[in-house]
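The values are calculated or read from the model by the stated rules, or taken from the named source; none is laboratory data. Worth saying up front: this structure is predicted, and the values here are computed from it rather than measured. Don't worry about glycine lacking a Cβ; one is built from the backbone with ideal geometry, like all the others, and counts go over all protein chains shown. Please note that ligands, DNA and RNA were not included when accessible areas were found on the heavy atoms of the full protein model with its side chains. Shrake-Rupley method; radii C 1.70, N 1.55, O 1.52, S 1.80 Å.
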Amino acid sequence: MSTRPQSGSSALTVLDFPKRKASQTSISMLTCYDFTFARLLNSTEVDVLLVGDSVAMVVHGHPSTLHADVDMMALHTAAVRRGAPDKFIVADMPFLSVRRGLEFAMNSVAALMRAGANAIKIEGADGQLDLMRHIVQSGIPVMGHLGLTPQSVEAFGGHKVQGRTEGAAAEVFAAAKAVEGTGAFALVLECAPAVLAERVTRELLIPTIGIGAGSTTDGQVLVLHDMLGCSPAFKPKFLRHYAQSHELVCDAVTRFHGDVLGRTYPSQSESYT
Ligand code: KIV
């Protein structure tokens, strides 16, 4: 059996997260779902790759993350690990996987960890704190996820900012403290008012990683395809397009199509003798 560590030597470990918070060195996280992008991201300095259950929407075209299951998450986690041996990889526990009893939850955790994850991410807090504690005590790093938790999209009546009223903000804050209390090593805060995210970040000892939660969180996460501008029409307030991939890809394909129709591709130098 190989004794080689699963991650390369340049990978962050779970022990680096509190250090990053203490030194106020922000944490960057991007979603990643496949081998090719994983290999690409492995050559960058981005800190963490998240095999998010958004894979169900971004890669598989489903309308929500409810369509991700453990097999889907494990398949994509394994592909990302093959492409990114040097990165800290977090895999999402998919829809209802922590609500179907201990055995189902632990089998799901095992599948994701064996696929190559360094940690798992769990949405929500209410009714699952004991389970989260059990997973942590089983030696598995757990990242929490509060605010807009997309697996509860139907209960929220859509993808809406959470914690806007005083009562709702107090609930998110209490949940954040409870998640920290389970031994979670970090917390994603999605689509929450900046003042709430600032308070949670200030009061928690573990780092917060925001998406649509303002600038004061201890890190930021974005969906890779969104920040690359693959769907230019999708532009929520928090999203910054770092590339115009839609134009880039369409332009390349249009030129290829033109070259094929014009018989200028392949040239002689692109042909075998
Ligand atoms: O699945 C996902 O992409 C996520 C991020 C939005 C944090 O959970």
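Structure above, values below:
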read-out	value
Rg/Rh for the range 154-215, where both radii come from Cα atoms and Rh is the Kirkwood radius	0.95
Scaled radius of gyration (Cα, divided by 2.2 N^0.38 Å) that the chain gives	1.08
Accessible area of the chain belonging to carbon and sulfur atoms, whole % at 1.4 Å probe	56
Cut-off under 5 Å, modelled amide H: who pairs with HIS145 long-range	ILE122, GLY124, VAL188
Across LYS21/LYS177; LYS87/LYS237; LYS87/LYS177; LYS19/LYS177, pairs whose alpha-carbon gap is larger than 25 Å	LYS87/LYS237; LYS87/LYS177
Mean ellipticity per residue at 222 nm, deg cm²/dmol - from DSSP H runs of n ≥ 4 across the chain, formula -39500 (n - 2.57)	-11500 deg cm²/dmol
From phi via Karplus (6.51, -1.76, 1.60), per-residue ³J(HN,Hα) for the range 161-169 in Hz, x at Gly/Pro	4, 10, x, 7, 8, 4, x, 5, 5
Equivalent ellipsoid semi-axes, the range 104-237, via Cα gyration tensor eigenvalues times 5, rooted, Å	24, 19, 14
Simple Cβ-charge dipole of the chain, Lys/Arg +1 and Asp/Glu -1, about Cα centre, in debye nearest 20	340
Under the Karplus curve 6.51 cos²θ - 1.76 cosθ + 1.60, θ = phi - 60°, whole-Hz ³J(HN,Hα) for the range 251-264, x wherever Gly or Pro sits	5, 4, 5, 5, 5, 4, 4, x, 5, 5, 5, x, 6, 9
Relative contact order of the chain, defined on C-alpha pairs under 8 angstrom at six or more residues apart (%)	15
Three-way shape call for the range 16-61 based on the alpha-carbon gyration tensor, with the a/c threshold at 1.5	oblate
Inter-part distance where the range 180-249 and the range 23-50 are each reduced to a Cα centre, Å	14
Cα shape, the range 54-129, gyration tensor, a/c 1.5 rule	oblate
Residue-level accessible surface for ILE209, protein heavy atoms, 1.4 Å, Å²	0
Heavy-atom accessible area per residue - the range 163-273, 1.4 Å, Å²	60
Under Karplus coefficients 6.51, -1.76 and 1.60, residue-wise ³J(HN,Hα) of the range 49-54 in Hz, glycine/proline x	9, 10, 7, x, 6, 4
